[in-house]
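Undergrad: So that we are looking at the same thing, I have put the structure below in structure tokens.
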Amino acid sequence: MQLRNRSGLMAAAVAVLLVLPASAAAAELEPDENVGAAAADRVLRVYNNNIENLVVNNSDGTCTRVTGPDQLTSMLVDDNGQKGTAGVVAPDLLLVQQVRGTGQAEAYANQLGTKFGYPAGTYRAIVVWTDPEPWGGTHKCSDQSLGDLKKKQTNAIIWNSRTLSLAADDISKYWSAGWLKPNTAYNNGAGCTLYKPPNNDDGTTNAHKWKRTSAIAARFTIKATGTSVFAATMHLPEQNRQNACAGDGITGISNTGIHIGTDATRLMNNSTIRIVGIDANRTGINANTLSGFGMTGYGSRATSGSSKIDYIFVRGDVQPSSIDYTVSGTKSNHMALYGFINY
């Protein structure tokens, strides 16, 4: 796997991690620490949310910028699904879509650590694109400066190094979503293609829009038990709502537009706990869609306006949720989903 540096000079997209000390480069990404604390609480706490670059669209056409701490407070819950209580515990994994790049992802991760009294670097970020090129127009914000904040979009996994470890070769290469290019006949999926060059959007305005849908996954290890955990974050194109596409001539798993890349599948097949968080831009995806991988979907409530387009799938012993795994009032255009997994 290639690693892009912060200047973005490499052409290939990859996962971005904190720089390793030379002594750790051949081993895990961080020294083992605080295993005892993890052993006292055998619950893996996972959230999924499209954070919309921390900009919320309002019904009157205005937009509001949201701080990372406020957004985190609005979605983190205790075991009873309640926000803002003493029972809200530091999460282990956040699967997020629509961050601007490494800078925003690492700032968000550090703000999460600060919220729970941890030093900077405790939460770490895996990002598909370090600094994706901007695309698009106003993004429906009457204040262009706020719309501009949404012009760089990529996907990330935020993870807690107190409870999880990660080896460098356990990060998948990114994989592309599928789409139906405009003016192409769908023909039951035969017209679908991979959403990346040379089949990305025509013209310069949206030429880099495809990068917002690049997916990535990683295989973690729970320090307390050695249990392996697969986690993937995905964001499918808007076109997936009408025409499910997952690649060249294919409609995806159960005709949903969802597919899991080759590298990611290898990691998933070698993992005990499995989690996929996704903004699918599509309604009606069944809870059993990923049952072939042993995963079940959790949460049935609307996540974006009156539509459910966000999903979390888990293989594992998921605790019951009094709020249907869906956090109302999340400070984003999307309500967060969560799963607390016993191990």
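FYI, it's all coordinate maths here, none of it is from the lab. Values in this document were obtained by computation on a predicted structure and should not be read as measured data. Note: ideal-geometry Cβ built from the backbone for every residue, glycine included; neighbour counts use all protein chains shown.
For every residue, the table says whether it meets (1) buried (at least 21 other Cβ atoms within 10 Å of the Cβ); (2) touching a strand residue (DSSP E or B) at 6+ places or on another chain (Cβ under 7 Å); (3) farther than 20 Å from T154 by Cβ.
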| site | (1), (2), (3) |
| --- | --- |
| T225 | no, no, yes |
| V229 | yes, yes, yes |
| T233 | yes, yes, no |
| E238 | no, no, no |
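Undergrad: Next question, about the same structure. Which residues, taken from the range 299-316, are free of Cβ contacts under 8 Å to residues at least 24 places away in the same chain and of a type in the set (A, V, I, L, M)?
TA: Result: no residue meets the conditions.
Undergrad: Of everything in the range 183-226, what is under 19 Å from D263 (Cβ atoms) and either in contact with a helix residue (DSSP H, G or I) (Cβ under 8 Å, 6 or more places away or on another chain) or among the β-branched types (V, I, T) (or both)? Give them in sequence order. Give the derivation first.
TA: So in the range 183-226, the residues under 19 Å from D263 (Cβ atoms) come out as 194-196, 210-211, 213-221.
Y195, K196, T213, A215, I216, A217, A218, R219, T221, listed by residue number.
Undergrad: While we're here: Here are some conditions: (1) surrounded by 21 or more Cβ atoms within 10 Å (Cβ to Cβ); (2) over 19 Å from F340 (Cβ atoms). Y311 meets all but one. Which one does it not meet?
TA: Looking at each condition in turn, Y311 falls short on (2).
Undergrad: State all residues of the range 254-275 that are part of a loop (DSSP other than H, G, I, E, B), of a type in the set (V, I, T) and more than 16 Å from A177 (Cβ to Cβ); if no residue qualifies, say none.
TA: So in the range 254-275, the residues part of a loop (DSSP other than H, G, I, E, B) come out as 256-261, 270-272.
In the following step, the residues that additionally are of a type in the set (V, I, T) were identified as 256, 258, 260, 272.
Of everything in the range 254-275, just one residue is part of a loop (DSSP other than H, G, I, E, B), of a type in the set (V, I, T) and more than 16 Å from A177 (Cβ to Cβ), namely T272.
Undergrad: I've got another one for you. What residue, among those in the range 190-218 that are surrounded by fewer than 20 Cβ atoms within 10 Å (Cβ to Cβ) and of a type in the set (G, A, S), is farthest from S172 (Cα to Cα)?
TA: It comes out as G203.
Undergrad: Further question: Can you go through D317, D310 and tell me which one is of a type in the set (D, E) and over 18 Å from N155 (Cβ atoms)?
TA: Numbers: D310 fails: over 18 Å from N155 (Cβ atoms).
Every option except D317 fails the conditions.
Undergrad: On the given criteria, is F313 under 22 Å from M75 (Cα atoms) and not β-branched (V, I, T)?
TA: On the way: under 22 Å from M75 (Cα atoms): yes; not β-branched (V, I, T): yes.
Criteria met by F313.
Undergrad: Another one. What number of residues in the range 317-343 are assigned to a loop (DSSP other than H, G, I, E, B), touching a residue at least 12 places away in the same chain (Cβ under 8 Å) and under 17 Å from V89 (Cβ atoms)?
TA: Total meeting the criteria: 6.
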